[in-house]
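Everything on this sheet refers to the single structure shown next.
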Amino acid sequence: MNLSKYAIIDLHLHLDGSLSPQAIILAAKKNHVLLPTYDAVELENYLSIDETCTSLTDYLTKFDIPNRVLQTKEGIHICTLDLIKRLAEQGLKYVEIRMAPQLSTKRGLSQEDVIIALLDTILEGKIKYGLKCNLILCMMRNYHYKENLLTADLAKKYLGKGVVAIDIAGDETKYSNKDIDGLFEYVNALGLPFTCHSGESTNHSSIDYIMRYHPQRIGHGVKAIESIDTIDHLRRDNVYLEICPTSNVDTHAFNSLSEVPVLPLLKAGIKVTVNTDNMTVSKTTLKREYYNLVKMGLTEDDIYQITLNSISASFLSKEEKIALIDLVNSL
């Protein structure tokens, strides 16, 4: 099976969790950022999880070092352009990169400065490497309410100019959807397309709660498998799931890949997509995720359907989606 034909669209990829050690070191040296080591092999140990990671909370500690170098326009440019280059080399054709701009304001940049730097680099990456990327802005569960509202306002301002949607990310074990429902109300009031991390480290009730705000997609959403009612609701509302199998094992949402319910959810009629989440933290690539689908017992027809789901779920125009379908069918 030619998995390179299918592993071409990643809809759930965090910038800060996917930076290469080499890009981090270069950005750190240019911007006088202290790192625990400047050896790329050694630094990777600080960026990726190991057997000591036992939860989502542990997993999220790996974002500290990457965010140190994403505090200047130069650092953002170096790291984002390097990511786009690597994705293009892996054969991807379309990616939605997500990033929380409020996390990069510790050295004087405004959220808008961060977004402009990202959009400029994404455009440069398309010109240099031929890979189309769009940007999803993340609000953070653990950040101040006003900062998150500003992120939403900026998503509205740049919607259709490289920004395609907004996300709500962070540790849902500490900050539930119910705790932040004012953010969902605001996103709905702005009319923003949105996705939300839900049903990853908690149970299906997290998904049930967010459904009242009509998300187009749900980040992870794997705990939907616990409830027939949740599955029925997702299917009825045509909500797509952004499943990231390796990450789900790394955060101990499931104990093994065989337990990640990609196939059961697909067979239940859920619009499943498969993504990397954090390439560096989880030491993965999209092709590896698709290879894992084969190990999980999915057929080529299943994998083809997942690819079509990813195209349909993307925040692209109808014409761009048709072009991607034609591309897949021609490979």
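The values are calculated or read from the model by the stated rules, or taken from the named source; none is laboratory data. Since the structure is predicted, the reported quantities are computational estimates derived from the model, not experimental observations. Neighbour counts are summed over all protein chains in view; Cβ atoms, including those assigned to glycine, are modelled from backbone coordinates with ideal geometry. We work out accessible area using only protein heavy atoms, side chains counted, and drop any ligands, DNA or RNA first. Shrake-Rupley method; radii C 1.70, N 1.55, O 1.52, S 1.80 Å.
To keep it simple, each residue is scored yes or no on (1) of a type in the set (Ser, Thr, Tyr); (2) modelled with pLDDT of 95 or more.
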site: Thr57; (1), (2): yes, no
site: Thr72; (1), (2): yes, yes
site: Thr80; (1), (2): yes, yes
site: Ile116; (1), (2): no, yes
site: Asp120; (1), (2): no, yes
site: Leu123; (1), (2): no, yes
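So, Val281, is that one open to solvent by less than 10 Å² (accessible area, probe 1.4 Å), among the aliphatic types (A, V, I, L, M), in contact with a His (Cβ under 9 Å, 6 or more places away or on another chain) and within 18 Å of Tyr59 (Cβ to Cβ) or not? Don't jump to the end; show me each part of the working.
Details: open to solvent by less than 10 Å² (accessible area, probe 1.4 Å): yes; among the aliphatic types (A, V, I, L, M): yes; in contact with a His (Cβ under 9 Å, 6 or more places away or on another chain): yes; within 18 Å of Tyr59 (Cβ to Cβ): yes.
Judged against the criteria, Val281 is a match.
Of all residues in the range 113-125, count the ones that are in contact (Cβ under 8 Å) with a residue 24 or more places away in the chain and open to solvent by 10 Å² or more (accessible area, probe 1.4 Å).
Here is the first cut: in the range 113-125, the ones in contact (Cβ under 8 Å) with a residue 24 or more places away in the chain are 113-115, 117-125.
Still in the list and also open to solvent by 10 Å² or more (accessible area, probe 1.4 Å): 113, 117, 119-120, 122-124.
Qualifying residue count, the range 113-125: 7.
Just name the residue that is farthest from the chain's Cα centre (by Cα) out of those in the range 38-83 that are of a type in the set (Phe, Trp, Tyr) and under 30 Å from Phe254 (Cβ atoms).
Initial filter on the range 38-83 (of a type in the set (Phe, Trp, Tyr)): 38, 46, 59, 63.
If we keep only those that are under 30 Å from Phe254 (Cβ atoms) as well, we get 46, 59, 63.
Numbers: Tyr46: 20, Tyr59: 15, Phe63: 14 Å.
Filtering first and then ranking leaves Tyr46.
Consider Lys30 against the criteria (1) among the charged types (D, E, K, R); (2) at pLDDT 95 or above; (3) closer than 30 Å to Ser312 by Cα: it satisfies all of them except one. Which criterion is unmet?
(3)
Given Asp171, Asp167, which one is of a type outside the set (Ser, Thr, Tyr), closer than 26 Å to Ser247 by Cα, open to solvent by less than 40 Å² (accessible area, probe 1.4 Å) and in a loop (DSSP other than H, G, I, E, B)? Explain how you work it out, then say what you get.
Values: Asp167 fails: in a loop (DSSP other than H, G, I, E, B).
Unique residue meeting the criteria: Asp171.
Out of (1) closer than 25 Å to Cys133 by Cβ; (2) in contact with a Ser or Thr (Cβ under 8 Å, 6 or more places away or on another chain); (3) of a type in the set (A, V, I, L, M), the odd one out for Val95 is which?
Among (1) closer than 25 Å to Cys133 by Cβ; (2) in contact with a Ser or Thr (Cβ under 8 Å, 6 or more places away or on another chain); (3) of a type in the set (A, V, I, L, M), the lone unmet condition for Val95 is (2).
Which one of these does Asn142 not meet: (1) touching a Gly at 6+ places or on another chain (Cβ under 6 Å); (2) open to solvent by 10 Å² or more (accessible area, probe 1.4 Å); (3) farther than 26 Å from His214 by Cβ?
So the condition that Asn142 fails would be (3).
Looking at Tyr186, Tyr129, Tyr145, can you tell me which residue is at pLDDT below 95 and more than 19 Å from the chain's Cα centre (by Cα)?
Tyr145
Hey, can you tell me all the residues within the range 93-106 that are open to solvent by 10 Å² or more (accessible area, probe 1.4 Å) and closer than 26 Å to Tyr291 by Cα?
Lys93
Within the range 216-237, identify whether any single residue is on the phi > 0 side of the Ramachandran plot, open to solvent by 10 Å² or more (accessible area, probe 1.4 Å), not β-branched (Val, Ile, Thr) and not in a strand (DSSP E or B), and answer yes or no.
Our first condition is that a residue be on the phi > 0 side of the Ramachandran plot; within the range 216-237, this holds for 220-221.
Of the ones still in play, those that are also open to solvent by 10 Å² or more (accessible area, probe 1.4 Å) are none.
No; the residues of the range 216-237 include none that is on the phi > 0 side of the Ramachandran plot, open to solvent by 10 Å² or more (accessible area, probe 1.4 Å), not β-branched (Val, Ile, Thr) and not in a strand (DSSP E or B).
If you scan the range 50-91, which residues turn out to be of a type in the set (A, V, I, L, M) and touching a Ser or Thr at 6+ places or on another chain (Cβ under 8 Å)? Please lay out each step first, then the result.
First pass over the range 50-91, keeping only residues of a type in the set (A, V, I, L, M): 56, 60, 65, 69-70, 76, 78, 81, 83-84, 87-88.
Answer for the range 50-91, where residues must be of a type in the set (A, V, I, L, M) and touching a Ser or Thr at 6+ places or on another chain (Cβ under 8 Å): Leu56, Leu70, Ile76, Leu81, Leu83, Ile84.
Which of the residues belonging to the range 158-211 are basic (Lys, Arg), more than 19 Å from Val95 (Cβ to Cβ) and in contact (Cβ under 8 Å) with a residue 40 or more places away in the chain? If you could, list the steps in order and put the result at the bottom.
Going residue by residue through the range 158-211, those that are basic (Lys, Arg) are 161, 174, 178.
Adding the requirement that they be more than 19 Å from Val95 (Cβ to Cβ) leaves 174, 178.
Listed by number, the list holds a single entry, Lys174.
If I ask for residues that are without any contact (Cβ under 8 Å) to a residue 60 or more places away in the chain, open to solvent by less than 100 Å² (accessible area, probe 1.4 Å), outside any helix (DSSP H, G or I) and under 12 Å from Val69 (Cα atoms), which ones from the range 15-36 would you list?
Once the filter is applied, which keeps residues that are without any contact (Cβ under 8 Å) to a residue 60 or more places away in the chain, open to solvent by less than 100 Å² (accessible area, probe 1.4 Å), outside any helix (DSSP H, G or I) and under 12 Å from Val69 (Cα atoms), the range 15-36 yields Asn31, Val33, Leu35.
Which ones in the range 183-205 are open to solvent by 10 Å² or more (accessible area, probe 1.4 Å), assigned to a helix (DSSP H, G or I) and under 27 Å from Leu316 (Cα atoms)?
Glu185, Tyr186, Asn188, Ala189, Leu190 - these are the residues of the range 183-205 that are open to solvent by 10 Å² or more (accessible area, probe 1.4 Å), assigned to a helix (DSSP H, G or I) and under 27 Å from Leu316 (Cα atoms).
State which residue pairs qualify: first residue at negative phi and touching a residue at least 12 places away in the same chain (Cβ under 8 Å) and inside the range 127-153, second residue of a type outside the set (A, V, I, L, M) and in a loop (DSSP other than H, G, I, E, B) in any location, beta carbons under 6 Å apart, and separation of 6 or more residues or different chains.
The qualifying pairs are Leu135/Gly162; Met140/Gly170; Arg141/Gly170; Arg141/Tyr175; Asn142/Gly170; Asn142/Tyr175.
Please count how many residues of the range 1-14 are among the acidic types (Asp, Glu) and part of a loop (DSSP other than H, G, I, E, B). Break it down into steps so the answer makes sense when it comes.
We begin by selecting, within the range 1-14, every residue among the acidic types (Asp, Glu); these are 10.
Retained after the next criterion (residues that are part of a loop (DSSP other than H, G, I, E, B)): none.
Residues in the range 1-14 being among the acidic types (Asp, Glu) and part of a loop (DSSP other than H, G, I, E, B): 0 in total.
Filter the range 37-47 down to the residues that are open to solvent by less than 80 Å² (accessible area, probe 1.4 Å), assigned to a loop (DSSP other than H, G, I, E, B) and touching a helix residue (DSSP H, G or I) at 6+ places or on another chain (Cβ under 7 Å) and list them by number.
Within the range 37-47, Thr37 is the sole residue that qualifies.
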